[in-house]
Amino acid sequence: MRTVIPFNDHWLYAPAQLDDQQPDSAFEPITLPHTNILLPHHNFDNAEYQFISTYRKRFTLPEPRRGRRVFLDFDAAMIATTVFVNGQLAGTHGGGYTPFSFDITDLLTDGENLITVRLDSTERPDIPPYGYVVDYLTFGGIYRDVWLRLVEPVYIRHVFARPQNVLEPVQGLEVDVTLANASEQAQQARVQVELEQNAGLQTETVSVPAGGEAKVTLRFPELPRMALWTLEEPALHTLSVRIVSDGSDAPVDEVSVRYGFREARFDKDGNFYLNGKPLKLFGLNRHQTYPYIGAAAPARLQRRDADILKWELGCNIVRTSHYPQSPYFLDRCDEIGLLVFEEIPGWQHIGDEDWKALSLRDVEAMILRDRNHPSIILWGVRINESGDDTAFYTATNRLARELDPTRQTGGVRYFRGSEWLEDVYTYNDFSNTIIEPDQTPHLVTEFSGHMYPTKTWDQEERAFEHALRHARIQNAAQGNPRVSGAIGWCAFDYNTHREFGSGDRICYHGVMDIFRLPKFAAYFYESQLSPDIRPVLRAATYWTMGDRSGGGNDPLWVFGNCDEIEVYIGSQLHGRFQPDRETFPHLPHPPFQVTGLQMHMTWGKEFSDLRIVGYRNGQAVSEVLHDSSGLPSALVLTPADTELRADGADMTWLWFKIVDRYGNRLPYATQVVSFELEGPGELIGENPFALVGGQAGLLVKAGREPGTITIRARTQRLEPASATIEVR
Ligand code: GAL
């Protein structure tokens, strides 16, 4: 039987190229996922992560090998990896976003073994995305998980569950199983697929050539009705694939695979259909990078990003710009019902033939890794925004269709008239509206972004205009029947190269900041959530008399999913307002435009609090209050989780804000906040933190001991704040 051992623990790390003669004391102990350097959240150079580092791990096989093959599996490492086992080369891999494995069986000894990983994290022009400039950073490190896998000589390599007739009364399922044979003789293998809850069992025998692979398809033509994967109720199913020995049916190898029953297709009529029903795609792009830790975010942070996109930003789709992202992120998208457009690594540049071969390898690795995720509806098989290349893109499309005939392809372009070899015309539309498509299906895969970079501390007029641009463009996409939807640029601010961004190495293109805290534009997305999920009511205001040009607050934009709002100035009712359906006729929940406020407030005269009450079906369901004093009232500390795992790698956000007396952040609060941590954990980030924008975040990392972490924060003239996290 196979054994899969998590292999993230007890690594040694040195930020230099060290050989096996160097003592362990030249290294520091670390746990994966790992970033090759901790950095501030901005104002650093990409040169800082560009070096060759060495990872070392000593281990004895935790269980007898018993004739099995031993593989070392990397979920990813940035960007070129060379692995030695006991001083001998196990293999090399170029590419930072897709998994790779080495068969290390013949290099192992029965006693202690030494793994040495030489990791080149320089921006290698021979490896995608490099060769030209790139608008994002490729932080170094073994930043995803590593596993040790022991398998019998004949083992299961890939499984692809392909539901059939998903919407018919009688559904079916086909399961492609690829077996590998590492032995020197051809082998007969009996393959079994068993569905959960006795829904079916099939067995087939296949001959696997020596040193080769064989593929067999097991068919379940008639299934009891399988619950569908929908956005509201994303039912997931599991099946087991086994190799069983002849006679006894005892399993020799076994893997289980999670999959879903859903039909997803973009139609010539312009619509996207999920399970036969048209669905307008409404989403944002996500980069996988974080402040301080680069891309080395553990499962919990990955999963939270998916939750934020679905529950805080109301998205039904995310694009994994511009590369395959963490398996944990994709698993979470499956679990919560968030659609995904996943694409290969790259940015505008196409390299030489060797580079293209790596890119084709990325297409293959991405699809083999991810084709069982029901959330994924489209493969991006072009280098984002590259020029046409008929031969190359014919090959990427052919390969994608061969590996996964169930999904359509897209390929993101930014100039009209570019050659269309994919199934869906995926277009980055920076026209500040939605261009009329030349052909359908047409999906807008980016808009806004560099057209209107906006910081959390930007002046109010810019901050709400940023939100309104997203609202206008999404409105235009929703209103055009020939557009399948729009995915804005982007969810979160991200670190970048000097050729982009605001000079401090951040592209302030997010509807949230780099800490995943909202700007007004996030309020617009949130307000499109169904009121059945929760009521949303947010005023896009700093509520001042003089921050805007000319002073005052007219018009005041309010984002919410209620059908009416009441606006009070002090205790006086200013009026009742309906959603602005005239400006935003196609949005499910148009913003409210509140006007006439100068009646109550003129420059230099009385200025009072703002109170808004949201109504749904005549019932008050939500309320917001904004303080007219403008004064800091509290320092608020919010850990995103109250519990962490004592595995030395788990992490959560520690958000902090300076707020008015109603809890609204004060965007111009620039106090210094300092932190102390006690207990089995570690603070990651700038400490003290020179606050800007009134909000920011650090990360808290669990140690290896259970216990209580207590964090205390202090700033000038406000009460200290504290928070606790249990490490279990
Ligand atoms: C696009 C590009 C993105 C990002 C964006 C900024 O052209 O695909 O990666 O750079 O512009 O708006």
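Structure values in brief
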item: Filter result for P374 (buried (at least 21 other Cβ atoms within 10 Å of the Cβ), outside any strand (DSSP E or B) and within 16 Å of the ligand (Cβ to nearest atom)); result: no
item: Residue count for segment 639-662, restricted to those that are within 30 Å of S629 (Cβ to Cβ), touching a strand residue (DSSP E or B) at 6+ places or on another chain (Cβ under 7 Å) and surrounded by fewer than 18 Cβ atoms within 10 Å (Cβ to Cβ); result: 1
item: Elements of type strands (runs of 3 or more DSSP E) contained in segment 32-148, each with 1 or more residues being without any contact (Cβ under 8 Å) to a residue 12 or more places away in the chain; result: 88-94
item: Residue satisfying condition, being under 20 Å from A649 (Cα atoms), touching a Leu at 6+ places or on another chain (Cβ under 8 Å) and not in a strand (DSSP E or B), within set A306, A297; result: A306
item: Filter result (more than 25 Å from the chain's Cα centre (by Cα), over 22 Å from E353 (Cβ atoms) and within 16 Å of the ligand (Cβ to nearest atom)) within segment 380-431; result: F415, R416, S431
item: Segment 574-594 - residue that is under 23 Å from Y662 (Cβ atoms) and surrounded by fewer than 16 Cβ atoms within 10 Å (Cβ to Cβ) and, of those, nearest to the chain's Cα centre (by Cα); result: R576
item: Selection count where residues are among the polar types (S, T, N, Q) and buried (at least 18 other Cβ atoms within 10 Å of the Cβ), scope segment 711-726; result: 1
item: Test: residue in segment 515-526 that is surrounded by fewer than 19 Cβ atoms within 10 Å (Cβ to Cβ), away from the ligand (no atom under 13 Å from the Cβ) and outside the structural domain of V558 (by TED's automatic domain parsing); result: no
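The values are calculated or read from the model by the stated rules, or taken from the named source; none is laboratory data. Since this is a predicted model, take the numbers as computed values, not measurements. Cβ sites come from the backbone with ideal geometry, for glycine too, and all protein chains shown count toward neighbours.
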